[in-house]
Structures are given as C-alpha cells and as structure tokens.
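To keep things clear, I will list the structure first and then write my remarks on it.
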Amino acid sequence: MLAEIKGLNEECGVFGIWGHKDAAQLTYYGLHSLQHRGQEGAGIVVKNGDRLQGVKGEGLVTEVFTAEKFKDLTGNAAIGHVRYATAGGGGIENVQPLLFRSQNGSLAVAHNGNLVNAQSLKHQLESQGSIFQTTSDTEVLAHLMKRSGFSAIKDQMKNALTMLKGAYAFLVMTETEMLVALDPNGLRPLSIGQLGDAYCVASETCALDIVGAEFIRDVRPGELIVINDRGIQSEPFTYSASSAICTMEYVYFSRPDSNIHGINVHAARKNMGKFLARQANIEADVVTGVPDSSISAAIGYAEETGIPYEMGLIKNRYVGRTFIQPSQALREQGVKMKLSPVRGIVEGKRVVMVDDSIVRGTTSRRIVAMLREAGATEVHVCISSPPMKNPCFYGIDTSTHEELIASNHSVEEIREMIGADSLTFLSVEGMLEAIGRPAINETCGQCLACFTGNYPTEIYADTVLPHEKELVKK
C-alpha cells in the first residue's frame with residue numbers, strides 16, 4: 001500500500017562533473033539533491049587516473065555510500081545516478097551507472113528516460129551476437145556504440161544515438177572524456193553548470209546549486225556535448241525535432257527550487273494554483289495542499305482567492321524503507337502512515353484540498369476520507385493539472401490505460417469514487433498559460449501525451465501491451 005501513497009514515479013536523475021579533485025563527493029551531494037527522482041538505487045563511477053571504478057547499490061543515496069565505500073572513489077571526474085525501477089525492473093544489475101570494460105578501455109553510462117524502441121533494438125542486437133547483462137534499456141546504447149565500427153567514442157555515440165527513439169538524457173564517461181546527449185525532443189531536463197574550472201551536468205538545476213556551480217545553460221534537444229581536459233565542445237547529432245519537455249516536470253517531478261528552461265518550478269506551480277482557483281470558483285474556509293509537490297499550487301490558490309492557506313495535512317517524513325512489515329489493518333489504511341490531517345485546522349471547515357494529479361484515485365479517496373474523519377464539513381478536491389488519461393512511455397511508471405482512473409471514468413464519476421463534494425481539474429490551456437512556456441509550436445514546446453494522447457515520438461509495437469495498441473495514438 002505504501003507504494004500507492006504517491007501515484008507517480010519517474011525513472012531517475014543523473015549528475016556528472018569533470019575536472020574537480022572532489023568529483024565523487026560533489027556527485028554524492030548532487031545525487032542527494034536529486035533523490036526525489038529515484039529512491040530504489042544509486043551509483044557513482046569515478047575516473048581515477050587512467051581507470052574507471054564505481055560503487056552502486058540498492059537503496060537511498062545515504063544508504064549506498066558509506067564512509068568506507070568512499071575510500072574507493074577518488075578521481076577528478078565522476079558520473080552518478082539515482083533510479084526508480086520503471087524500465088527493466090529492479091535488481092542490483094540494473095542500478096546505474098552501468099560500467100563496461102573492453103580491450104580498448106572502459107565506458108560508464110547513466111540514463112534518464114525510457115527508449116520506446118529498446119526491445120526492437122535488443123532483438124536485433126541479440127540476433128547479431130550481443131549478450132545483455134541487464135534488463136535495462138540503457139545497456140542498448142553501449143552495444144550500439146561498440147558495434148558502430150567507429151574508433152572515436154564521440155563518433156560511436158553519434159551513430160548509436162541516431163538509432164534510439166524515445167526520451168533520453170545520457171551521461172557517458174571514459175578515461176579521457178565525458179559525453180552528454182539529450183533526445184531530439186528534449187523530453188527530459190538536463191542542465192550544464194561550471195564550478196571553477198570544472199563542468200557539471202545535472203537533471204535539475206537544484207543539483208548545480210547544492211554543489212555551488214554556476215548555471216550556464218540547458219542542454220539543447222538533439223545536442224551532443226563533449227567535456228574533457230581541453231574544455232567543452234558541442235554539436236548536433238541529429239536534426240532538431242519539435243521541442244517537447246515533459247509537462248509533468250513542472251507539475252510534479254522537479255524540485256520547487258529548480259529552473260527548467262528558465263522557468264522556476266515553484267513559480268509555475270503557484271501560477272497553476274491561481275489559474276485553478278479562477279476555474280474552480282469554490283466557496284470555502286481553508287485551503288490545504290497535499291505535501292510536498294502540491295504545496296506551491298495550494299499557496300497560489302489561496303493567494304488568488306483570499307482563502308487562508310493552512311497546513312491541513314502533515315507528512316510523516318520517517319516513513320519509507322523499513323524492515324518492519326505493517327499489519328494488514330495498516331496496509332488497508334497505508335496512507336495514514338504517511339499523511340495525517342490536522343483536526344484543529346479542518347474541523348468544522350469547508351476545505352479545498354489541492355493536489356497535483358490523480359493517477360489511480362486510491363490516495364485521493366483516502367485523503368478525502370481522512371479529512372472528513374477529522375471533522376471537515378466539505379472537501380473540495382482541486383487538481384493543478386488536467387485529467388491523466390493516457391500512459392507514458394518516456395520514463396514514468398504509467399504504462400496502461402487500466403491503471404489511470406481518468407482514462408475510464410468521467411470527472412463526475414471520479415468525484416463520486418473519491419468521495420469529494422466537488423472535483424476540478426486544471427484545463428490544458430490553463431496549465432500551459434500558467435507555466436508560461438513560449439508558444440513555439442502546437443504543444444507550446446511541451447509533451448502533453450499523458451493528457452491528450454498525442455505522443456511526440458512514434459510508439460513502437462513492442463512497447464505497448466497487446467490490448468493497449470488500439471488505444472494509443474501514433
């Protein structure tokens with residue numbers, strides 16, 4: 001049940017640094033700031049002179065990297081990774097960075113995203129003699145690079161990237177350089193920073209801030225960057241496609257103190273809350289947000305309406321990985337282990353509960369019930385994004401229509417199912433305007449597939465479950 005407390009998990013976050021004597025330690029801090037992007041495994045590979053060496057394990061960053069293990073991580077360059085097991089499943093073999101050794105040197109690979117043609121490529125590579133050591137789609141890149149026929153790593157990677165479809169932000173490190181690549185649609189965020197003479201790359205700018213790096217710019221869609229002791233070089237590896245940054249980065253995934261393409265995530269979420277308030281037009285006594293990702297939108301909602309914002313829900317931050325198995329009774333009410341209503345705030349009040357999304361509906365139903373049990377006279381649920389009707393194939397763990405409540409039920413049906421007095425979703429137009437991305441194409445430069453069903457890339461047949469094929473628009 002605890003896995004249902006938050007309905008969405010993203011695959012991972014990446015961090016890399018080149019040219020700093022404390023590369024491993026800085027990568028640790030960078031990964032710690034990206035922990036919200038992946039909590040099932042973490043790893044760091046460092047360049048120690050003319051060899052690569054790594055440490056990885058299952059669990060949180062603080063659990064994987066002990067003082068004892070850091071003794072083996074010395075060098076002036078490193079890449080790191082935190083992950084959720086959405087593509088390829090769990091297991092220590094799938095924890096990244098993946099490290100490969102050959103007669104021509106070593107190669108470490110870290111990846112954020114999901115390749116929609118990974119299975120097709122795996123079948124092709126296996127028929128040619130490849131043997132895969134993991135079930136992760138990330139390993140496909142290494143095999144394609146090795147089989148490219150080119151001698152230079154940069155040319156190997158450029159050739160391999162042209163065969164990949166889907167969402168990817170790659171960090172690749174050898175004994176002599178670090179390579180950075182973003183898919184042609186720019187579906188995942190990736191930023192570059194500078195710390196003295198060292199260069200940093202991170203999934204979010206909050207990781208650059210935590211290590212004291214100065215933000216330089218975002219990696220461009222379809223761009224390959226090479227960082228080595230001579231500096232930084234950039235070139236396109238493919239023709240640019242329509243920009244399609246994942247909208248859920250603004251809605252839910254990214255940390256509020258991160259900036260994505262120049263837009264602060266907290267400010268965007270506050271604006272979403274304001275637009276939602278205008279759309280909902282509800283009379284109430286108090287506004288509360290579901291911690292943590294919905295707090296910004298709830299503050300915006302309260303500011304727009306003048307209804308007081310209060311901490312009507314408290315998050316228990318010590319629930320998570322534990323060897324103690326909850327009783328069946330607690331499993332049935334698992335959300336209570338993570339969230340608690342504040343009776344003194346909600347009792348006798350008409351409550352607006354702001355959340356960022358409804359995926360399966362289980363959590364929303366339980367929170368509404370808790371607020372009523374705590375004495376709320378009315379519970380109005382307001383969602384700062386549109387109904388999520390379609391699965392994501394780019395690195396978020398919603399792969400079927402069946403698991404998405406909005407795919408199978410109307411807004412009124414969902415309201416009844418979660419037990420709310422009213423239910424309001426932010427419109428697609430309101431969300432885009434609130435975020436403030438420039439209208440550079442029909443999707444304003446954002447991927448809206450989970451809301452509209454219009455996917456920015458081709459979705460390959462072996463990515464979709466058989467009974468889903470007719471439901472997915474190409």
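The values are calculated or read from the model by the stated rules, or taken from the named source; none is laboratory data. This one's a predicted model, so the numbers in the text were calculated from it and none came from an experiment. Cβ placement follows ideal geometry from the backbone for every residue including glycine, while neighbour counts extend to all protein chains displayed. The area values use the complete protein model at the heavy-atom level, side chains included, leaving out ligands, DNA and RNA. Shrake-Rupley method; radii C 1.70, N 1.55, O 1.52, S 1.80 Å.
Filter segment 399-408 down to residues that are touching a helix residue (DSSP H, G or I) at 6+ places or on another chain (Cβ under 7 Å) and farther than 25 Å from VAL287 by Cβ and give me whichever is modelled with the highest pLDDT. Don't jump to the end; show me each part of the working.
Kept after step one, since they are touching a helix residue (DSSP H, G or I) at 6+ places or on another chain (Cβ under 7 Å), are these residues of segment 399-408: 400-401, 405-406.
Subsequent filtering for residues that are farther than 25 Å from VAL287 by Cβ retains 400-401.
On the way: THR400: 83, HIS401: 88.
So, considering only residues that are touching a helix residue (DSSP H, G or I) at 6+ places or on another chain (Cβ under 7 Å) and farther than 25 Å from VAL287 by Cβ, the one modelled with the highest pLDDT is HIS401.
List the number of the failed condition for HIS32; all other conditions in (1) open to solvent by 10 Å² or more (accessible area, probe 1.4 Å); (2) at pLDDT 95 or above; (3) assigned to a strand (DSSP E or B); (4) not β-branched (Val, Ile, Thr) hold.
For HIS32, the exception is condition (3).
Counting just the residues of segment 37-63 that are aliphatic (A, V, I, L, M) and not in a strand (DSSP E or B), which one comes out surrounded by the fewest Cβ atoms within 10 Å (Cβ to Cβ)? Can you show your working first?
Going through segment 37-63, the residues aliphatic (A, V, I, L, M) turn out to be 42, 44-46, 52, 55, 60-61.
Going one step further and asking which of them are not in a strand (DSSP E or B), we end up with 60-61.
On the way: LEU60: 19, VAL61: 24.
Top of the filtered list is LEU60.
Kindly check whether there is at least one residue in segment 426-436 that is surrounded by fewer than 21 Cβ atoms within 10 Å (Cβ to Cβ), part of a loop (DSSP other than H, G, I, E, B) and modelled with pLDDT under 95.
Yes - at least one qualifying residue is present in segment 426-436.
Looking at (1) hydrophobic (A, V, I, L, M, F, W, C); (2) buried (at least 22 other Cβ atoms within 10 Å of the Cβ); (3) over 28 Å from ASP137 (Cβ atoms), which is the only condition ILE396 fails?
All conditions pass for ILE396, except number (3).
If you go through segment 370-388 one residue at a time, do you hit one that is at pLDDT below 95, of a type in the set (Lys, Arg) and not in a strand (DSSP E or B)?
Looking through segment 370-388, none of the residues is at pLDDT below 95, of a type in the set (Lys, Arg) and not in a strand (DSSP E or B).
Give the residues of segment 333-349 that are of a type in the set (A, V, I, L, M), assigned to a helix (DSSP H, G or I) and at pLDDT 95 or above, sorted by residue number. Talk me through it step by step, then tell me what you get.
First pass over segment 333-349, keeping only residues of a type in the set (A, V, I, L, M): 335, 337, 339, 342, 345-346.
Now drop any that are not assigned to a helix (DSSP H, G or I), which leaves 335, 337, 345-346.
Those that are of a type in the set (A, V, I, L, M), assigned to a helix (DSSP H, G or I) and at pLDDT 95 or above: ILE345, VAL346.
Can you tell me which of GLY273, GLY186 is at positive phi and not in a strand (DSSP E or B)? Steps first, answer last, please.
Working: GLY273 fails: at positive phi.
Exactly one of GLY273, GLY186 is at positive phi and not in a strand (DSSP E or B), namely GLY186.
With respect to the numbered conditions (1) among the polar types (S, T, N, Q); (2) open to solvent by 30 Å² or more (accessible area, probe 1.4 Å); (3) touching a Cys at 6+ places or on another chain (Cβ under 7 Å), which one is the sole condition not fulfilled by ASN112?
Failing condition for ASN112: (2).
Is at least one residue of segment 242-254 free of Cβ contacts under 8 Å to residues at least 60 places away in the same chain and surrounded by fewer than 24 Cβ atoms within 10 Å (Cβ to Cβ)? Let's see the steps before the verdict.
First, pick out the residues of segment 242-254 that are free of Cβ contacts under 8 Å to residues at least 60 places away in the same chain: none.
Within segment 242-254 (the criterion being free of Cβ contacts under 8 Å to residues at least 60 places away in the same chain and surrounded by fewer than 24 Cβ atoms within 10 Å (Cβ to Cβ)), the answer is no, since none of the residues qualifies.
Listed here are the residues, each with its yes/no results for (1) open to solvent by less than 10 Å² (accessible area, probe 1.4 Å); (2) in contact with a Lys or Arg (Cβ under 6 Å, 6 or more places away or on another chain).
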| position | (1), (2) |
| --- | --- |
| GLN128 | no, no |
| THR134 | no, no |
| LEU141 | yes, no |
| ARG147 | no, no |
| ALA152 | no, no |
| MET157 | yes, no |
| ALA167 | yes, yes |
| MET178 | yes, no |
| ALA181 | yes, no |
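Sort out which residues of segment 219-234 are more than 14 Å from PHE170 (Cα to Cα) and in contact with a strand residue (DSSP E or B) (Cβ under 6 Å, 6 or more places away or on another chain), and write them in order of number.
In the first step, residues of segment 219-234 are kept if they are more than 14 Å from PHE170 (Cα to Cα); the result is 228-234.
Matches in segment 219-234: ILE232, GLN233, SER234.
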